[in-house]
Amino acid sequence: MSTDWQQWHERYEDPGSSLVRRLENVRNEIERLLADRGGARTYVVSICAGDGRDLLPVLASADGDVHAVLVDLDAELAERARADAAALGLDRVEVRTADAGLASVLAGLPPADVFLACGVFGNITDSDLETTISALPALVAPGGAVIWTRGAHLGDDELSAFAGDPADLVREIFARHGFIAESLVRPDDAGFRVGVHRRSADASAGTLPERLFSFAR
């Protein structure tokens, strides 16, 4: 992995960027899903969470008993998330500095009612994408939702061998593993996609592999 993720996060400073628009859409989906819970106890997991800017501000204004675990390998970004959670008074938020691609980091957590995989699928191979999504029934509660993001085809920098929009491959894999498509944001004027899939009651929760994914860039 060679990307400087702290530098990558600086792109959020441009208010007109595609990344900021993606962030707004992700926050909207989190708000909607938490509102749908009607105040019931809710478990949220965010992998490769960065500094938590998609989730933490929403949790600060959310009603109900919401518990969250954020995981990121970058120690500085994880510490920023930890500090922001404390500043917002979010005492039911845990931030783990760890490799979210290792199943052992997530094993033992309560099944998530809301699971965030934002900024993940465009940085892994098709094989790891299949492995990760196939493992999600073991990590997400029946009826729970996964919010995911994917960029459009990146030309020579694209990791996927899929010929069309890589988001369509993501949707196909979710369907194969017992998830139902709920929404997809696919702007005509921007290269990001934000999707939501729900785990059906009959999705099979198998044994977790040792590793779900590794970042390839």
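Worth a mention:
- In sequence order, the range 47-54 has phi-based couplings of 9, 6, 7, x, 8, x, 5, 6 Hz under the Karplus curve 6.51 cos²θ - 1.76 cosθ + 1.60, θ = phi - 60°, and Gly or Pro positions carry x.
- Cα-based Rg and Dmax for the range 24-69, where Dmax is the largest Cα-Cα distance (Å): 9.9, 28
- Estimated inter-spin distance, ASP156 and SER204, nm [label 7 Å along Cα→Cβ]: 4.3 nm
- For the range 127-186: rounded, prolate or oblate by the Cα gyration tensor [a/c cutoff 1.5]: prolate
- For the range 1-55, the extents of the C-alpha atoms along the principal axes are 39, 26, 13 Å, listed from largest to smallest.
- Close amide H pairs (under 5 Å, H built 1.01 Å from N) link ARG211 with ALA103, residues at least 5 positions away or on another chain.
- P(r), alpha carbons of the range 103-217 - 10 Å bins starting at zero, rounded %: 14, 48, 31, 6, 0
- Using a probe radius of 1.4 angstrom, the carbon and sulfur fraction of the accessible surface of the range 111-186 is 54%.
- Average projection, convex hull of the Cα set of the chain: 11.3 square nanometres.
- Working ranking of peptides 61-68, 93-100 by packing, defined as the average number of other Cβ atoms within 10 Å per residue, highest first, is 93-100, 61-68.
- Residues ARG32 and ASP91, FRET efficiency given R0 of 25 Å [Cβ-Cβ distance, rounded to 0.05]: 0.55
- Largest-first principal axis extents, alpha carbons of the range 12-113, Å: 39, 33, 24
- Stokes-Einstein diffusion coefficient of the range 54-102, Kirkwood radius over Cα pairs, 4 °C, 1.567 mPa s, in µm²/s: 117 µm²/s
The values are calculated or read from the model by the stated rules, or taken from the named source; none is laboratory data. Quick caveat: nothing in here was measured; it's all calculated off a predicted structure. Counting neighbours? That spans all protein chains shown, and the Cβs are built from the backbone with ideal geometry, glycine included. Areas reflect the complete protein model, heavy atoms only, side chains present, ligands, DNA and RNA absent. Shrake-Rupley method; radii C 1.70, N 1.55, O 1.52, S 1.80 Å.
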